[in-house]
Amino acid sequence: MVLEKIKEIIVDQLGVNEEDINLETSFIDDLGVDSLDLFQLVMEFEDAFGISVENPENIKTVGDAVKYIESAKGE
């Protein structure tokens, strides 16, 4: 499932608790991600799911990432 893999990547990259991550979680407001962290996360998402993220600045929440990846994968 896309959400579970995204959570795994976020926990691995940021060292946050998985329980703190849900679809409404904001990368910036809730997880304290800066632009460099977000770039790294997007690169990890691209590698993990075999996709290319055209406008990473549009991904503001975990839910945005899930929707984008599912759409890019045709799910």
Original post:
Accessible surface of residue 4 in the full protein assembly, 1.4 angstrom probe, to the nearest 10 Å²?
Top reply: 80
**OP:** Roll a 1.4 Å probe over the protein heavy atoms and report the accessible area of residue 14 in Å², nearest 10.
**Re:** 50
**OP:** Using amide H atoms built 1.01 Å from N in the peptide plane, name the residues 5+ places from residue 61, or on other chains, whose amide H lies under 5 Å from its own.
**Re:** 27
Original post:
So how exposed is residue 47, as accessible area in Å² (1.4 Å probe, rounded to 10)?
Top reply: 120
Original post:
So, with a 1.4 angstrom probe, what is the percent of accessible area on the chain that is carbon and sulfur?
Top reply: 45
Original post:
Taking the structure as given and computing Cα Rg over 2.2 N^0.38 Å, which label from (i) 0.97; (ii) 1.87; (iii) 1.39 fits?
Top reply: (i)
**OP:** Could you calculate the FRET efficiency of residue 71 with residue 39 from 1/(1 + (r/R0)^6), where r is the beta carbon distance between them and R0 is 22 Å, rounded to 0.05?
**Re:** 0.60
Subject >> Residues in region 50-75 that a label on residue 26 would reach, taking backbone N under 11 Å of a point 7 Å out along Cα→Cβ >> reply: 60-61
Original post:
What list of ³J(HN,Hα) values in whole Hz, one per residue of region 70-75 in order, does the Karplus curve 6.51 cos²θ - 1.76 cosθ + 1.60 (θ = phi - 60°) give from phi, with Gly and Pro shown as x?
Top reply: 4, 5, 5, 8, x, 8
Original post:
How much accessible area per residue does the chain have, in Å², with a 1.4 Å probe?
Top reply: 61
Subject >> Where 26, 52, 35 fall by accessible area, highest first, once all protein chains stay in place (1.4 Å) >> reply: 35, 52, 26
Original post:
Just by accessible area at a 1.4 angstrom probe, what is the order of 1, 43 from largest to smallest?
Top reply: 1, 43
**OP:** List, in order, the whole-Hz ³J(HN,Hα) value for each residue of region 23-37 obtained from phi through the Karplus relation with A = 6.51, B = -1.76, C = 1.60 and θ = phi - 60°; use x for Gly and Pro.
**Re:** 4, 8, 4, 8, 4, 7, 6, 8, 9, x, 6, 9, 4, 5, 4
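The values are calculated or read from the model by the stated rules, or taken from the named source; none is laboratory data. Nothing here was measured: the structure is a model prediction, and the numbers come from that model. Neighbour counts run over all protein chains shown; Cβ positions are idealised from the backbone, glycine included. With ligands, DNA and RNA removed, areas are computed over all heavy atoms of the protein, side chains included. Shrake-Rupley method; radii C 1.70, N 1.55, O 1.52, S 1.80 Å.
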